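Have a look at the structure below before the remarks.
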Amino acid sequence: MNQALDLHYKLYKPYGYVSQFVSRQHKSHKKNFLGELYNFHPDTMSVGRLDENSEGLLLLTTNGKLSHEINSSGIEKEYYAQVDGVISSKAILEIQTGIMISIQGKSYRTKPCKAEIIDTPQLPATNQRVRDERHGPTSWVSITLTEGKFRQVRKMTAAVGFPTLRLARYRVGKYTIEGMKRGDCEPLDELVP
């Protein structure tokens with residue numbers, strides 16, 4: 001595709017959607033796909049993925065080379081995670097310095113990253129059922145990674161004893177979900193790694 005014709009978007013992927021546009025698999029008829037949210041150009045692809053149980057920023061483009069460049073560039077991705085319990089400073093330090101998690105059945109030490117306890121972020125209401133405070137306290141953390149292993153944030157918080165209840169990707173590089181609602185899609189003039 002001619003670079004002048006490349007299309008780029010930022011999308012607030014809601015909880016319960018997979019990071020695909022359509023599926024030809026027979027068992028996928030009960031899944032929600034990105035193509036239901038917006039009339040995307042047929043060549044549009046997601047830059048990275050968010051699993052079905054996560055929400056937040058998803059960058060999209062029709063430029064496969066740019067998508068690969070962003071995915072392999074070590075660009076910062078910031079996540080807000082609501083965790084079970086009041087997370088400790090010790091657990092935050094463990095996350096910051098790197099911890100052992102399992103990736104495809106093998107032990108993997110995460111790279112050092114930024115992590116801090118934050119106040120409850122101003123996220124749009126979710127259609128996810130998250131238990132309330134009657135079942136014990138929860139807290140929020142911001143975790144900023146430069147890698148993106150499958151379900152990494154969830155595995156990291158669980159490894160330090162504070163399982164993730166709700167997970168939203170807030171930022172990828174300079175792009176954020178600030179001011180966006182669940183399901184919003186905004187065209188971008190350019191997509192800079």
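The values are calculated or read from the model by the stated rules, or taken from the named source; none is laboratory data. Nothing here was measured: the structure is a model prediction, and the numbers come from that model. Reconstructed Cβ throughout: ideal geometry from the backbone, glycine too, with neighbour counts over all protein chains shown.
Here are some notes:
- Evaluation of Ser72 against the conditions (1) crowded, with 21+ Cβ neighbours inside 10 Å; (2) without any contact (Cβ under 8 Å) to a residue 60 or more places away in the chain shows that the sole unmet condition is (1).
- Taking (1) touching a strand residue (DSSP E or B) at 6+ places or on another chain (Cβ under 6 Å); (2) in contact (Cβ under 8 Å) with a residue 24 or more places away in the chain; (3) surrounded by fewer than 14 Cβ atoms within 10 Å (Cβ to Cβ) in turn, Ile101 satisfies each apart from (3).
- Residues of segment 116-134 that turn out to be loosely packed, with under 10 Cβ neighbours inside 10 Å and more than 17 Å from the chain's Cα centre (by Cα), as a count: 5
- Residues that are more than 17 Å from the chain's Cα centre (by Cα) and among the hydroxyl-bearing types (Ser, Thr, Tyr) within segment 95-115 comprise Thr97, Ser102, Ser107, Tyr108, listed in sequence order.
- Within segment 153-160, the presence of a residue that is assigned to a loop (DSSP other than H, G, I, E, B) and either of a type in the set (Phe, Trp, Tyr) or at pLDDT below 95 (or both) is excluded.
- Listed by first and then second residue, the pairs linking a residue in segment 171-193 that is closer than 19 Å to Glu78 by Cα to a residue that is among the hydroxyl-bearing types (Ser, Thr, Tyr) and surrounded by fewer than 16 Cβ atoms within 10 Å (Cβ to Cβ), with Cβ atoms under 6 Å apart and 6 or more places separating them unless they lie on different chains, are Pro193/Ser73.
- Selection count where residues are within 17 Å of Lys90 (Cβ to Cβ) and in a loop (DSSP other than H, G, I, E, B), scope segment 100-125: 3
- Criterion violated by Gln82 - all others in (1) touching a residue at least 60 places away in the same chain (Cβ under 8 Å); (2) of a type outside the set (A, V, I, L, M); (3) in a loop (DSSP other than H, G, I, E, B); (4) touching a Ser or Thr at 6+ places or on another chain (Cβ under 8 Å) satisfied: (3)
- Filter pass, Tyr9 being in contact with a Gly (Cβ under 9 Å, 6 or more places away or on another chain), part of a strand (DSSP E or B) and buried (at least 18 other Cβ atoms within 10 Å of the Cβ): no
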